[in-house]
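Some notes on the structure that comes next.
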Amino acid sequence: MFSIIQAAGWPIWPLIACSVLALALVIERFISLQTRKVAPPRLLDEVLTVSRAAIPAHEVISQLEKNSALGEVLAAGLRALYLNPRCSEADLRATMEASGRVVAHRLERYLSALATIASAAPLMGLFGTVVGMIEIFGSQSPTGGATGGNPAQLAHGISVALYNTAFGLMVAIPSLIFWRYFRARLDAYLLTLELASERLARHLNTLRR
């Protein structure tokens, strides 16, 4: 492996740094976007059950807020009605929507960085290819003679060009795949949060009557 890095030349080091960063981002997103941390399946039903007769106590709402991202959005609606029982339905929905935007922004963290790596890695590989081509042309004889070139420099230039192109694609393709996967997963989570908050808003509006 080290011999390949040596053959690829100095342009491959930024690509290696991007590959390490992309791997760290993928691992972090897998940990942060677990279902139990974002939208536990039975949480909404439990909240509806607890608030069937009255708004839960402040301690229960605080515990719900720390449960997950969905719990944070639901807790925002419960807290708004707990602090102001005469809160209008429009204000209640606005409070939950604001909390949902904050949660969505937090869940989208690092996805733009992963997308940037997926877009930039092929260009960085292309830059390494250009550097290799420059070395190839530099190895040729100024007079154009067939025997005037430097074979070692020519081989090194070809290695730089090919290895950087290949490594740039090796970094970009998995980064793009994981970005698309996390984007789709996040969209599904956001839809779940939106539907759950809408259901809770209707429930709380009925409770006030």
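The values are calculated or read from the model by the stated rules, or taken from the named source; none is laboratory data. Only a predicted model underlies this, so the values are computations on that prediction, with no experimental measurement involved. Reconstructed Cβ throughout: ideal geometry from the backbone, glycine too, with neighbour counts over all protein chains shown.
Against the numbered list (1) closer than 28 Å to Leu162 by Cα; (2) touching a helix residue (DSSP H, G or I) at 6+ places or on another chain (Cβ under 9 Å), Ala24 comes up short only at (2). Tallying residues that are among the basic types (Lys, Arg) and either surrounded by 15 or more Cβ atoms within 10 Å (Cβ to Cβ) or in contact with a strand residue (DSSP E or B) (Cβ under 8 Å, 6 or more places away or on another chain) (or both) within segment 171-198 yields 1. Among the residues of this structure, Ser19 counts as one that is hydroxyl-bearing (Ser, Thr, Tyr) and touching a residue at least 40 places away in the same chain (Cβ under 8 Å). Annotation note: of Ala196, Ala161, Ala188, Ala201, the sole residue that is of a type in the set (A, V, I, L, M, F, W, C), at pLDDT 75 or above and over 30 Å from Arg101 (Cα atoms) is Ala161. Here are some conditions: (1) closer than 25 Å to Ala188 by Cα; (2) assigned to a helix (DSSP H, G or I); (3) touching a residue at least 24 places away in the same chain (Cβ under 8 Å); (4) more than 15 Å from the chain's Cα centre (by Cα). Ala121 meets all but one. Which one does it not meet? If we test Ala121 against (1) closer than 25 Å to Ala188 by Cα; (2) assigned to a helix (DSSP H, G or I); (3) touching a residue at least 24 places away in the same chain (Cβ under 8 Å); (4) more than 15 Å from the chain's Cα centre (by Cα), just (1) comes out false.
Per the listing Leu44, Leu81, Leu74, the residue uniquely more than 15 Å from Thr192 (Cβ to Cβ), over 21 Å from the mean Cα position of the chain (by Cα) and assigned to a helix (DSSP H, G or I) is Leu81.
Is it the case, given these coordinates, that Arg101 is of a type in the set (Lys, Arg) and out of contact with any helix residue (DSSP H, G or I) (no Cβ under 8 Å at 6 or more places or on another chain)? Here the answer is yes, as Arg101 does meet what is asked. Looking at Trp10 and the list (1) in a helix (DSSP H, G or I); (2) modelled with pLDDT under 95, which single condition is not satisfied? Answer for Trp10: the failing condition is (1). Restricting the search to segment 22-34, which residues are polar (S, T, N, Q) and either touching a Gly at 6+ places or on another chain (Cβ under 7 Å) or touching a residue at least 24 places away in the same chain (Cβ under 8 Å) (or both)? Ser32, the sole residue that qualifies.
Restricted to segment 66-89, and to residues there that are surrounded by fewer than 17 Cβ atoms within 10 Å (Cβ to Cβ) and of a type in the set (Lys, Arg), the residue that is modelled with the highest pLDDT is Lys66.
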